[in-house]
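Computed from the coordinates by the stated procedures, all read-outs in this text should not be read as laboratory data. What you are looking at is a predicted structure, and each value in this text was computed from that prediction instead of being measured. Neighbour counts run over all protein chains shown; Cβ positions are idealised from the backbone, glycine included.
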Amino acid sequence: MHKHKIVILILSVTLFTNVYSQKATTQNLPKFDHRFMHFGFLLGINSADFYVQRHPPTALNTGADSLFVLDPKSSTGFNLGIISSMHLNTYFSLRFTPNLAFASRNLIYTFETIEGPKQYTKVIESTLINLPLSIKYKSVRVNNFSAYILAGAAYSLDLASNAGNDNLSNDPNDIILAIQKHDYMAEVGFGTDFYLEYFKFGIELKMSYGLKNLLYNDNTEFSNPVDKINSKMFLLSLTFEG
């Protein structure tokens, strides 16, 4: 995803520079931005991760003081969604982009034991219904190109949440780390729009940061050492609007 972000940034700057250096040409979809509403869909690749905050050593619960390292690792998933956009004026629009996201995140625990270090990987798979609402500010359209930034908030529902399930196993490999079902996120992003003959095509990079502590503490050796878990997601989308 870091490579994708760099490529998109370089591509956007290059295209923006090239467009401004071009002579005026025939505009595609000349009345597109004058309509009150328009709709579309998005296809995206996400990189989901956690921000994890551990308890300080003096506050650790019994059985958790052997934790040496807790390392979150991101994984790649994908998003499918629809776009509805309300034009407020020439530069601003209100966007509602509900989408379904398939995401996976890993937490790698390393414990110090009398037998030496032991490592366990807890995979948290999520099926998310995301309901983002954002304000989009776009640049002046030059020929068939414009750039934009956006900011907003989103509600997320994890259909695969294990919160409330009992961890009855004594085998650490079988113990799950459960996270809460509901989340609230702040979002920022940027992108580019290309006005084609029959529709508008866009490339967008958006960053989402969870505001709610997702930890469901069920008193296991994997949940006790953790104070907070917050979600993070980078989403690279292709948008098609008509």
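Look at Leu88, Leu29, Leu236 and count the other Cβ atoms within 10 Å of each Cβ; fewest to most, that gives Leu88, Leu29, Leu236.
Once every DSSP H run of n ≥ 4 in the chain is given -39500 (n - 2.57) and the sum is divided by its residues, what mean residue ellipticity at 222 nm do you get, rounded to the nearest 500 deg cm²/dmol? Walk me through the numbers before you get to the answer.
Details: 1 runs with 20 residues, N = 242.
Result for the chain, helices only: -3000 deg cm²/dmol.
The distance from the alpha carbon centre of region 97-150 to that of region 183-220 is 7 Å, rounded to a whole number. Quote the FRET efficiency, to the nearest 0.05, computed for Thr127 versus His55 with a Förster distance R0 of 35 Å and r equal to the Cβ-Cβ distance. Efficiency for this residue pair is about 0.75. Only aspartates and glutamates eight or more places from Lys122 in sequence, or on another chain, were considered; those with a Cα closer than 19 Å are Asp49, Asp65, Asp71, Glu112, Asp158, Asp166, Asp171, Asp174, Asp218, Glu221, Asp227.
Shape class of region 132-173 from the Cα gyration tensor (axes a ≥ b ≥ c, square roots of the eigenvalues): prolate, since a/c reaches 1.5 or more and a/b is larger than b/c. Ranked from largest, the principal axis spans of the Cα set of region 2-241 equal 74, 31, 27 Å.
For Lys31, the aspartates and glutamates whose Cα falls under 17 Å of its own Cα, not counting residues fewer than eight places away in the same chain, are Asp193, Glu197, Glu241.
A 23 angstrom limit on the alpha carbon distance is what I want to check against. Which of Lys136/Lys228; Lys73/Lys181; Lys118/Lys212 exceed it? Before the final figure, lay out each step's value.
On the way: Lys136/Lys228 31 Å; Lys73/Lys181 20 Å; Lys118/Lys212 30 Å.
The pairs that break the limit, which is 23 Å between Cα atoms, are Lys136/Lys228; Lys118/Lys212.
The relative contact order of the chain comes to 22 percent, based on Cα pairs under 8 Å that sit 6 or more residues apart.
Loop-located GluC sites (Glu not before Pro) in region 109-187 (DSSP state other than H, G, I, E, B) with a sparse environment of at most 12 neighbouring Cβ atoms within 10 Å: Glu115.
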